[in-house]
1. How big is the Kirkwood radius of the chain, worked out from every pair of different alpha carbons and given in Å to one decimal?
2. Please report, as a whole percent, how much of the solvent-accessible surface of the chain comes from carbon and sulfur atoms (probe radius 1.4 Å).
3. State the extension gain, in nm to one decimal, for the chain segment bounded by R41 and A8, taking 0.36 nm per residue of separation less the distance between their alpha-carbons.
4. Using 1/(1 + (r/R0)^6) with R0 = 35 angstrom and r between the beta carbons of R29 and S61, what's the FRET efficiency to the nearest 0.05?
Amino acid sequence: FYRRRVMAYGVPYSWGNGHNFCLGHGASRDERFPTQLKALRKKGVVQMAVGKAHCLALTASGQVYSWGVGMFGRLGQADMRDGPTPRVIGVTKKDF
């Protein structure tokens, strides 16, 4: 299994293959055990989407965070840099 996510009381955890920074811990190393995503600890994550090279997290307030490979703008950021840890995307549901 490439990587896993589980949420306990709105706090996401990840483990597995750390390739492409998809675990969100700041490095591309593998994690054998569930490890809390510290950047999202107090954000109130309600949903997550996991792709092969990037991941997204939605908070109760409508913010979306992205991390992983930034090529082709897939992280929704103003640049195409890789994101080793979750960064908030500038556009939220309030903008629509």
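The values are calculated or read from the model by the stated rules, or taken from the named source; none is laboratory data. Quick caveat: nothing in here was measured; it's all calculated off a predicted structure. Here Cβ is always computed from backbone atoms with ideal geometry, including for glycine, and neighbour counts include all displayed protein chains. For the accessible areas, the whole protein counts, side chains as well, though only heavy atoms, and no ligand, DNA or RNA atoms are used. Shrake-Rupley method; radii C 1.70, N 1.55, O 1.52, S 1.80 Å.
1. So the Kirkwood estimate lands at 13.1 Å.
2. Carbon and sulfur together cover 57 percent of it.
3. Between R41 and A8, full extension yields 10.8 nm more.
4. That pair, R29 with S61, gives E of 0.70.
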